[in-house]
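**Q** The structure's right below; bear with me while I get my questions together.
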Amino acid sequence: MNISEKVRPAAAVAAGGILYSFLNLIPIVGWIIPGATAAITIKKNPKTGFQAGVSAGLIGFAASTYILFAFGLFTEVANTALKLLIVWFYLLWHASAIFFSGCGGALASGIKLLEDHPLISPFKSFAGNEGSKYVVCKRCGRGNQEQSGSCENCGEEVHERGV
Ligand SMILES: [Zn+2]
């Protein structure tokens with residue numbers, strides 16, 4: 001594991017958070033995209049994808065809330081009952097959005113895993129997509145590019161078949 005592999009998840013989640021802070025205004029689609037973007041960048045299993053999506057959502061939520069407070073949009077409302085209603089709606093909206101962001105992350109990394117599945121990846125390399133052979137990891141079964149040296153998923157050393 002090198003430094004870029006440690007920085008990439010943090011950068012991916014931060015980027016997802018920025019996306020979330022404005023995309024959360026669009027229900028469903030805008031909620032799924034931030035998590036999916038973070039998960040695709042991290043390229044891990046669906047569980048990590050879900051966590052990445054939720055983390056991106058939480059960062060975006062914190063940023064959105066900060067902006068709302070900075071512009072005084074909460075304190076502008078004088079009616080207490082209305083204020084309470086708005087706060088509840090706001091929290092419910094973001095709880096849904098954060099959950100969908102997590103699902104988007106899980107879904108995206110699931111699709112990414114499927115794409116790299118040993119049953120599918122040989123066809124990809126056969127089609128000349130990457131122009132290199134794939135080696136299936138002995139530990140976790142992930143298809144890796146032959147020259148990569150270590151498994152992208154678990155870090156196990158991968159070598160050419162039969163070596
Ligand atoms: Zn592996």
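**Q** Please go through the range 133-157 and give me each residue that is more than 8 Å from the ligand (Cβ to nearest atom) and either within 22 Å of the chain's Cα centre (by Cα) or not in a strand (DSSP E or B) (or both), ordered by number.
**A** LYS133, GLY143, GLU146, GLN147, SER148, GLY149 - these are the residues of the range 133-157 that are more than 8 Å from the ligand (Cβ to nearest atom) and either within 22 Å of the chain's Cα centre (by Cα) or not in a strand (DSSP E or B) (or both).
**Q** Pick from SER21, SER64: which is under 16 Å from the mean Cα position of the chain (by Cα), assigned by TED's automatic domain parsing to the domain that holds GLY105 and either modelled with pLDDT under 95 or part of a helix (DSSP H, G or I) (or both)?
**A** Only one candidate passes the filter, namely SER21.
**Q** Within the range 141-151, can you find the residues that are surrounded by fewer than 18 Cβ atoms within 10 Å (Cβ to Cβ), touching a strand residue (DSSP E or B) at 6+ places or on another chain (Cβ under 6 Å) and either in contact (Cβ under 8 Å) with a residue 60 or more places away in the chain or not small (Gly, Ala, Ser) (or both)?
**A** GLU146, the sole residue that qualifies.
The values are calculated or read from the model by the stated rules, or taken from the named source; none is laboratory data. Predicted model, so just to flag it, every value in this text is computed and none were measured. Every residue, glycine among them, receives a Cβ derived from its backbone with ideal geometry; neighbour counts consider all protein chains shown.
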